[in-house]
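Just so you know, all these numbers are worked out from the coordinates, no wet-lab data involved. Keep in mind the model is a prediction, meaning the values are calculated, not measured. Cβ: placed from backbone, ideal geometry, glycine included. Neighbour counts: every protein chain shown.
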Amino acid sequence: MNLKDAVAIVTGGSSGIGYAIAETLKEAGAKVAITGRHRERLTQAEQELGVWATNADVSKEEDVKRVFAEVIEEFGHVDILVNNAGFGVFHELVEQDRESFEAVMATNVTGAMMMGREAAKHFIERQSGNIVNIASTAALRGAPRGTAYYASKFALRGMTECWRAELRKHNVRVMLVNPSEVVTGFFDTAGLPQQVNETKLQPEDIAHAVRAMLEMNDRGFTTELTVFATNPRD
């Protein structure tokens, strides 16, 4: 697709991978709307990137519906949804509490579903559209302490396949991106250590992949793309 003047919604667009995707799509000529839960960070990203922003929590249905209503009022339509909002908690199974497990699922799975649902309604009506779900290599295999986060990414991958099967007949492309470790604030938020160096993936690497997937001619699409660092060092 030609990204010039295409309208894109990027959830979790105020930092990390979402910020880089919003920046890259804006540079390609798209009209970009970002969402985020943290108002100060969202306002800063809006000013830095020159995009349109709305404070929203994708785990809340009223926020999801409001996002689409506001974006369509502002831009007239939507061409792209990037489901990027997400976070993780990491506990041994015997220590995994229900509250934090359900919080991860509410954002990473239910929130993505609700955003995808509202996008699908709009895209079916227009008989065109693009959904890009940002998953993780955690969607491909399990690991210790991964019960909540890994399960959420497995679920997102499964939903992606279901949506793709439903929406292809409406000219809607549904794509999945699985980044391996990326240098962002994700690890700090999750309470995990991360060694930062230039050999590891950066947010702009994932943004580049998303742009390339979207810019492919509409007659085809990349169903799933996994991105690894070439030779990362800890």
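Listed from fewest to most Cβ neighbours within 10 Å, the set LEU192, LEU81 follows the order LEU192, LEU81. If you take the Cα centroid of the stretch 10-68 and the Cα centroid of the stretch 81-144, the two points sit 16 Å apart.
Taking every alpha-carbon pair under 8 Å whose residues sit at least 6 apart, the stretch 32-98 reaches a relative contact order of 24 percent.
Toward the positive end of the charge dipole of the chain, with +1 on the Cβ of Lys and Arg and -1 on the Cβ of Asp and Glu, the farthest Cα among VAL32, GLY146, PHE123 is that of PHE123.
Residues whose amide H lies under 5 Å from that of ALA53, counting only those 5 or more places away or on a different chain, are ILE34; hydrogens are built 1.01 Å from N in the peptide plane. Averaging the sequence gap over all C-alpha pairs within less than 8 Å and six or more residues apart, then dividing by the number of residues, gives the chain a relative contact order of 20 percent. For the chain, the mean residue ellipticity at 222 nm estimated from helices alone is -13500 deg cm²/dmol, where every DSSP H run of n ≥ 4 contributes -39500 (n - 2.57) and the total is divided by all residues, rounded to the nearest 500. Angle of helix 61-75 to the longest C-alpha principal axis of the chain, folded into 0 to 90 degrees and rounded to 10: 40°. For VAL227, the residues whose amide H sits under 5 Å from its own are ASN178, SER180, ignoring neighbours fewer than 5 places away on the same chain, with H placed 1.01 Å from N.
Once Rg and the Kirkwood radius are both taken over the C-alpha atoms of the chain, their ratio Rg/Rh works out to 0.94.
Simple point charges give the picture: +1 on the Cβ of Lys and Arg, -1 on the Cβ of Asp and Glu, and for the chain a dipole about the Cα centre of about 680 debye.
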